[in-house]
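Encoded as structure tokens, the structure appears first; notes follow it.
Only the coordinates and a few stated rules stand behind these numbers; no lab work does. Every value quoted in this text rests on a predicted model; they were computed, and no experiment measured them. Ideal geometry is used to build each Cβ from the backbone, glycine not excepted, and the neighbour counts take in all protein chains shown.
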Amino acid sequence: MLTLYHWEPNANSGKPMLALFEKGVEFHSHYMDLLGFDQHKPEYLRINPNGTLPALVHDDLVLTESTAIMEYVDDAFEGPPLRPEDPYERWRMRWWGRFLDQFVGPSVSMFGWSVFVGPSVRGRDPRELKAAIDRIPLAERRIAWSKAIYNTFSKEELAESASRIALGVRSIEATLGRRRWLAGSSYSLADITGFNMLFGLPSMQPELVSDARTPRLLEWLRSIYERPAVAKCAALGRTPIMKRLAFLERST
Ligand SMILES: N[C@@H](CCC(=O)N[C@@H](CS)C(=O)NCC(=O)O)C(=O)O
């Protein structure tokens, strides 16, 4: 039995999901309504006490942390390898994973929480929202939810996030001028992470990511978007976030 507990197939939930589809592994998809706070309900906290997504349950094993789950999936199942054989390229794959997860991802997430998550729930009963915030197990996630709901991300922190995203974008654009994929000559978990984190940028920040400004990054996003596994992920999405993928359609 293999069950992936996930929200939309983007950011963290999209990473192990895309890895599973790329390898052709059959799994049960358990959609969690993050905007309905499913991830903080007792039945899910029994699986992941941190109340965050994704989590993969494989028989009696529970796996959390999206990047570590992807490595587990690549090790535990048959299918095309998603990590380079060459030790140096494998190091590069991990370097990119870490840079994206630790430096770029939290900034992209801050924007997502500020422009999508907050506005999606803000109109609900204030007492219910306060109770929902109080139930969040991780202090860090409580703070993010509270800022999203009460619209209190500061100008300074949003500016810092914008500059981190811009640095991430510049780094990827430069790297893709030297090699086909982030780690080297083969598509790897680094590309899966980058795609899930950044596919929304052409629609949300066209002044930063566009054919004119970042042609290589856009071509890289498009070539991942065109993989059959991405269409399978997109079919499991339920919110307007998935509409951002349409910006990767080729015009001709
Ligand atoms: N480092 C974790 C981060 C997981 C995480 O924070 N996921 C977000 C969704 S992208 C979440 O579950 N948020 C739930 C919440 O804030 O209530 C991973 O990579 O799996």
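What residue among L82, L208, L198 has the largest mean-square fluctuation in a Gaussian network model of the chain, using Cα springs under 10 Å?
Result for the chain, Cα springs under 10 Å: L208 fluctuates most.
State the volume of the convex hull built on the alpha-carbon positions of the range 12-52, expressed per residue in Å³ and rounded to an integer.
It comes to 77 Å³ per residue, whole-number rounded.
In whole Hz, what ³J(HN,Hα) sequence does the range 123-139 give by Karplus (6.51, -1.76, 1.60; θ = phi - 60°), x for Gly and Pro?
x, 6, 3, x, 5, 5, 5, 4, 5, 5, 5, 4, 7, 6, x, 8, 4
For the range 114-219, evaluate the Debye formula with one uniform point scatterer on each Cα (no solvent term) and list log10 I(q)/I(0) at q = 0.22, 0.24 Å⁻¹, rounded to two decimals.
Once normalised to I(0) and log-transformed, intensities are -1.13, -1.25.
With point charges of +1 on the Cβ of Lys and Arg and -1 on the Cβ of Asp and Glu, referenced to the Cα centre of the chain, which listed residue (L248, V230, S29) lies farthest in the positive direction of the dipole?
L248
Mind putting a number on the dipole of the range 23-141 about its Cα centre? Charges go on the C-beta only, +1 for Lys and Arg and -1 for Asp and Glu, and I need it in Debye to the nearest 20.
Dipole size: approximately 680 debye.
For a quick check of your reading of the filter: which GluC sites (Glu not before Pro) in the range 1-49 sit in a DSSP loop and have no more than 11 other Cβ atoms within 10 Å?
E26
Explain nothing, just compute: Karplus ³J(HN,Hα) = 6.51 cos²θ - 1.76 cosθ + 1.60, θ = phi - 60°, for every residue of the range 10-22 in order, whole Hz, x for Gly and Pro.
Those phi angles translate into 9, 6, 5, 5, x, 5, x, 5, 5, 4, 5, 5, 4 Hz.
Between the range 56-108 and the range 1-52, how many Å separate their Cα centres?
Using only Cα atoms, the two centres lie 15 Å from each other.
What translational D, rounded to a whole number of µm²/s, comes out for the chain from Stokes-Einstein when the hydrodynamic radius is the Kirkwood one over Cα pairs, at 37 °C and 0.692 mPa s?
175
Specify which residue in the list V104, G14, Y187 is farthest towards the positive end of the charge dipole of the chain, using unit charges on the beta carbon of Lys, Arg (+1) and Asp, Glu (-1), about the Cα centre.
V104
Largest first, please: the extent of the C-alpha atoms of the range 177-252 along each principal axis, to the nearest Å.
Each principal axis gives a Cα extent; for the range 177-252 these are 36, 27, 24 Å.
Using helices alone, I'd like the mean residue ellipticity at 222 nm for the chain: each DSSP H run of four-plus residues gives -39500 (n - 2.57), total over residue count, nearest 500.
-15000 deg cm²/dmol
Quote the charge dipole size of the chain about the Cα centre in Debye, to the nearest 20; the model charges only the Cβ of Lys and Arg (+1) and of Asp and Glu (-1).
Using Cβ point charges on Lys, Arg, Asp and Glu, the chain gives about 720 debye.
Using the structure shown, list the pairs from K23/K243; K15/K130; K155/K232; K41/K147; K15/K41 with a Cα-Cα distance above 27 Å, or answer none.
The answer is K15/K130; K155/K232.
Given contacts defined as C-alpha pairs under 8 Å and at least six residues apart, what's the relative contact order of the chain, whole-number percent?
Normalised by residue count, the contact order of the chain is 24 percent.
Just how large is the dipole of the range 97-189 about the Cα centre, in debye to the nearest 20, putting +1 at every Lys and Arg Cβ and -1 at every Asp and Glu Cβ?
Roughly 180 debye for the range 97-189.
Picking from N48, P119, M197, whose Cα lies most toward the positive end of the charge dipole for the chain (charges on Cβ: Lys, Arg +1; Asp, Glu -1)?
So the residue furthest toward the plus end is P119.
With just the Cα atoms defining each centre, how far is the range 198-248 from the range 145-195? Give it in Å.
13
May I ask you to list the GluC sites (Glu not before Pro) in the range 53-153 that are in a DSSP loop and have at most 12 other Cβ atoms within 10 Å of their Cβ?
E78, E85
Sequence gap at least 6, Cα distance under 8 Å: using those rules, report the relative contact order of the range 1-106 to the nearest whole percent.
Dividing the mean separation by the residue count of the range 1-106 yields 29 percent.
Where in the chain is the longest stretch that carries no trypsin sites (Lys or Arg not before Pro) classed as loop by DSSP and with at most 10 other Cβ atoms within 10 Å?
47-177
Roughly speaking, what is the stretch gain from R238 to A162, that is 0.36 nm per residue apart minus the C-alpha to C-alpha distance, in nm to one decimal?
Additional length available on full extension: 24.7 nm.
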